[in-house]
Structure formats: C-alpha cells, structure tokens
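Down below is the structure, laid out as structure tokens.
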C-alpha cells in the first residue's frame, strides 16, 4: 500500500495535471484524471459528466474560447481509498463585453472528491468554490459599461465571470458555492460524508 506521503504527492499531481493538460488542450491525457465512469464536473457554464465536459471544453478551445487556470496552495484529507482535496486557484478568462476586450480573474478553490480506481487516484467530482472576482479592460484606456441588472443576477464570488460568460452566450448557473453561505456549508457536509463512506459524492445537481 502507498504511504500517506505518496498518496499526498499523487493527489497533488492529479490536480496539477488537470489544470496543465486542460489549458494546453492535451485532451487524451486530460481524460485520464477523471474516474472513468463516475467523473462529474460543475462549473459556472457546465454541469455534467466529465466525458461531456472534456468534449465541450475541447470544442470551446478549438473555437478560441480563452480560459486559463493557475493553482496555489493545496491540502488533502484522506480516508482509505477516498480523499477530499482543496486547491487554491484562479480562473482567467479573456473575452469581449460590448466590443471591449476584457480579462476576468476569479479566485477560489477547487474542491475535489477523489477516489482510488485500479490503484490510481482519480477525480470523482470537482466543485469549484468561487470567492472573489474582478473584470479589467485589456486596454486600460477603454472601459466597458456594464449592465448592472445583469451583473446583480449572480453571486458576488463569480459575478463578473458570469457576466462575461453570459455575454458570450453561455447559460451560467446561479447559486454555486462561495466563501461563505449555505451552498458551501452543504458542500463541506457532502465532503465529510464522502470521507465517511457515503454511496455518492454529494449531489452535484
């Protein structure tokens, strides 16, 4: 059996590979980070099986959708063949709002339900926690004028990211976990139950 140190190293590598392979468009290797039958991804603009997420991410990448990720601190709670990983991250998306090129940076955490499959750690469910975001024009001399009613539809943790994605034609989900509140408390409870042996990694719906 692997040592706890080896498990922690493998889990960190799993999370790193997700970001590196997804942003590089290395789709064959990206598919290997997920549990092959149970993988599930929730994002602002997508909720569904990991296989579908890989396919739609690839299609978006190929038509020029510009989303990048950067990872920071990481921790893992391990219970046998299960783990909950939390990793500080930023989501960086470039796009246009009413003809103005902008960058949105959203800071938060990846909250990953992981399981050992055929001896290797895999992501069973990924749920981002959105803590804070901002929108900046690429050219600081040109400022977009935002629709305040549309902006106010979304939680403060990913308000500007949702605004940009909605303007780009994506259907963005509201009510996703933020730094505090009922949604993130429910997620923490689901994580604790996963480590304790629950049949499912919470309810991503």
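The values are calculated or read from the model by the stated rules, or taken from the named source; none is laboratory data. Values in this document were obtained by computation on a predicted structure and should not be read as measured data. Quick reminder, even Gly has a Cβ in these numbers, built from the backbone with ideal geometry, and neighbours come from all protein chains shown.
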Just a yes or no: is a residue in the stretch 120-133 surrounded by fewer than 21 Cβ atoms within 10 Å (Cβ to Cβ) and out of contact with any strand residue (DSSP E or B) (no Cβ under 7 Å at 6 or more places or on another chain)? yes
Restricting to the stretch 31-68, what's the tally of residues that are touching a residue at least 24 places away in the same chain (Cβ under 8 Å), touching a strand residue (DSSP E or B) at 6+ places or on another chain (Cβ under 7 Å) and crowded, with 17+ Cβ neighbours inside 10 Å? 11
Within the bounds of the stretch 137-159, is there any residue that is part of a strand (DSSP E or B), at pLDDT 95 or above and more than 19 Å from residue 53 (Cβ to Cβ)? yes
Condition test on residue 77, is it surrounded by fewer than 19 Cβ atoms within 10 Å (Cβ to Cβ) and more than 25 Å from residue 156 (Cβ to Cβ)? yes
